[in-house]
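Notes follow the structure.
Read the figures in this text as sums done on the coordinates, not as results from a lab. Since this is a predicted model, take the numbers as computed values, not measurements. In this analysis, Cβ positions are derived from the backbone assuming ideal geometry, glycine residues included, and neighbour counts consider all displayed protein chains.
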Amino acid sequence: NSVIGYNTTILAHEYLIQEYRIGEVVIGNDVLIGANTTVLPGVTIGDGAIVAAGAVVHKDVPAGAFVGGNPLRDLRRSGVGE
C-alpha cells in the first residue's frame, strides 16, 4: 500500500569521485514518497512515513515521520504542514 511519486529515483548503488556505495533500500508499509524524490543507498523508510516531493533521502526515516528537503529534515517539528 505504499505510493511512490513519478520521477522518483531509488538507488541501490552510487558512484562518487573516490567512492562507490551500495546498500539495500527498504520501504515500509503505507509510505508516501512524493514526486521527484531521490532515495540514496542503504536507507530504510519506516511504516506510515511521508516524504515530501523533491526530497533527497540520505538517512533513515522513522515510522510515521513527515520529512522533506535537502538536507532531509523533520517537517512536523518545523511547523510546516500542521
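Please report, ordered by residue number, the strands (runs of 3 or more DSSP E) entirely within the chain with at least 3 residues that are without any contact (Cβ under 8 Å) to a residue 12 or more places away in the chain and in contact with a helix residue (DSSP H, G or I) (Cβ under 6 Å, 6 or more places away or on another chain).
Working: elements: 13-15, 20-22, 66-68.
Of the strands (runs of 3 or more DSSP E) lying wholly inside the chain, none has at least 3 residues that are without any contact (Cβ under 8 Å) to a residue 12 or more places away in the chain and in contact with a helix residue (DSSP H, G or I) (Cβ under 6 Å, 6 or more places away or on another chain).
Would you mind stating whether residue 5 is on the phi > 0 side of the Ramachandran plot, over 11 Å from the mean Cα position of the chain (by Cα) and small (Gly, Ala, Ser)?
Details: on the phi > 0 side of the Ramachandran plot: no; over 11 Å from the mean Cα position of the chain (by Cα): yes; small (Gly, Ala, Ser): yes.
Answer is no for this residue.
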